[in-house]
Amino acid sequence: MSTQKGNCNRSRAQKHQNTKVFKNNLYDTSKKTKTINKIKVTNVCDRCKAILEWKIKYKKYKMLKNPSTCCKCHNKCVKESYHTICEECSKKLNVCPKCGKSKESADLNINNNLEKELFEDEDEIGSNNSD
């Protein structure tokens, strides 16, 4: 069984395979669903953006009814769902308004990967020229 303690490996494949892609507006054509589908996720890190897009895609996203309190300035000014820091504080501190991690560290990881690829390309070009 999958619920046994210590038994985390499944011995069989998935019983029911999905044959059609989930559509979050197939039977629900309300205004709420339409507004949720129109939301553009911005000003967050890549990981948080992927999480919020998944919630929108699979109809798990819940709209924020009232503004919530910011963790930094303690004012009721957070108007986005799942965010913990207001836009002003996140811009001042240069952090993601959802998870609170610095945006610079995420940007540096992306830049390092690009630099590695550039160095590899230059090495290949240099080795081809020397032949």
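So who's got an amide H within less than 5 Å of the one on VAL95, skipping anything under 5 residues away but keeping other chains? H placed 1.01 Å off N, in plane.
LYS103
With unit charges on the beta carbons (Lys and Arg positive, Asp and Glu negative) and the dipole taken about the Cα centre of region 37-95, which residue among VAL78, LEU64, CYS48 sits farthest to the positive side?
Highest projection toward the positive end goes to LEU64.
Order by neighbour count: TYR27, TYR58, TYR82, fewest other Cβ atoms within 10 Å first, most last.
Numbers: TYR27 7, TYR58 10, TYR82 18.
Least to most surrounded, the residues fall as TYR27, TYR58, TYR82.
Determine, for HIS83, HIS16, the number of other Cβ atoms within 10 Å of each Cβ, and report the residues in order from fewest to most.
On the way: HIS83 23, HIS16 5.
So the residues, fewest neighbours to most, are HIS16, HIS83.
Starting from the Cα of CYS77, step 7 Å along the direction of its Cβ; do the same at LEU64; then give the gap between the two resulting points in nm.
My value for the distance between the label points is 1.2 nm.
Using the basic label-point model (7 angstrom from Cα toward the beta carbon), what is the THR42 to SER30 distance in nanometres?
Once both label points are built, they end up 2.7 nm from each other.
Computed from the coordinates by the stated procedures, all read-outs in this text should not be read as laboratory data. Computed from a predicted structure; not experimentally measured. Note: ideal-geometry Cβ built from the backbone for every residue, glycine included; neighbour counts use all protein chains shown.
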